[in-house]
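Note sheet for the following structure.
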Amino acid sequence: NLYDITKELLKSDKIQRIEIVTNGTIVPKDKKLINLLKKKKIIVSISEYPIVNYSKVVDFLKQNNITYKIDKMSFWMNYGTPYKRNKNKKELTKQYSNCNNVCRSLINGQLHLCPRSSHGTDLGIIKNNEDDYLNLLDTNLSIEEKKEKLRKLLKRKYITACDYCDFGTKKSTKIPVAEQLKK
C-alpha cells in the first residue's frame, strides 16, 4: 500500500518530507508509484550495507529523476531482548526520553511511534495497546477524530513498548551491520 499511503501523506501541507527507507534490494515496478516517488517532498533513503549491491536501484532512481540518499550503516543498536521489564511510570518516562523518537513505523495500517512497538505488537510479543498507535484504516473514526488521536499520541509520556526496550541505557550495545547468523 506504499502508493496509497504516500499519496495521502502528500496531500498535507504540514508534512514537509517523506523519507522512504530501503535496503536497495528491490527496484519498484509500479508505474504509479514510480511517478509518485518523483515528487519533491519524497526522498528514498538507501541503507548501505557492506554485503548488498545496491547499484541497480541507484541507477534506476537516477534514470527516473527520483531524489535519494545513501546512509552508510556502520552499526546497529541492540535495544535488548524483547521481554517485559516491569518498569514503573518514572522509569518508563525516562526510557521514552532516552529514545531519539524520530522513527515512526507503519504496519498493517497502524502508525506507531517506534518500530519496536509496531513489530512487537504485530508479532504478539508486546501487548496491543490502542493508545500506542493510530489505526489509519479505522473507518469508524472521522478525519478529525484521527487528527485528535494523533495529537494525543504525540503527547504521550511513554508507550507500552518502552517496557520492552533498553535503548539509551548501558544495556544497549552496538552490533555489526548485516552480519548473518551462522547455521
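Annotations for the structure displayed:
- When the chain is reduced to its Cα atoms, the Kirkwood hydrodynamic radius in Å: 18.5
- The Cα-based radius of gyration and maximum Cα-Cα distance (Dmax) for region 13-53 are 12.0, 39 Å.
- Taken over region 38-141, the percentage of Cα pairs per 5 Å bin, counting from 0 up to the bin with the maximum distance, is 2, 9, 14, 17, 16, 15, 13, 8, 4, 1, 0.
- Measure of compaction for region 123-183 (Cα Rg per 2.2 N^0.38 Å): 1.61
- Other residues with beta-carbon under 12 Å from the beta-carbon of Asn129 carry, at +1 per Lys or Arg and -1 per Asp or Glu, a net charge of -2.
- Thr22/Asn88 FRET efficiency (R0 30 Å; Cβ-Cβ; nearest 0.05): 0.20
- With a cut-off of 15 Å between beta carbons, the residues surrounding Glu144 carry a summed charge of +3, where Lys and Arg count +1 and Asp and Glu -1.
- Relative contact order (%) - region 88-183, alpha-carbon pairs under 8 angstrom, separation at least six: 32
- Extreme residue, positive dipole direction of region 74-142, given options Ser117, Leu137, Thr81 (C-beta unit charges): Thr81
- Contact order for region 45-112, expressed relative to its length and based on alpha carbon pairs under 8 Å spaced 6+ residues apart, stands at 28 percent.
- Hits among lysines - C-alpha to C-alpha of Lys29 under 26 Å, sequence gap 8 or more where chains match: Lys7, Lys11, Lys38, Lys39, Lys40, Lys41, Lys56, Lys62, Lys69, Lys72
- Student exercise, the chain dipole from Lys, Arg, Asp, Glu Cβ charges, in Debye to nearest 20: 460
- Of the trypsin sites (Lys or Arg not before Pro) in region 1-106, those whose Cβ has at most 11 other Cβ within 10 Å and which sit in DSSP loop: Lys11, Lys14, Arg17, Lys29, Lys40, Lys84
- With at most 15 neighbouring Cβ atoms within 10 Å, loop chymotrypsin sites (Phe, Trp or Tyr not before Pro) (DSSP) excluded, longest segment of the chain: 84-183
Just so you know, all these numbers are worked out from the coordinates, no wet-lab data involved. Everything quoted here is computed from the prediction, not taken from an experiment. In this analysis, Cβ positions are derived from the backbone assuming ideal geometry, glycine residues included, and neighbour counts consider all displayed protein chains.
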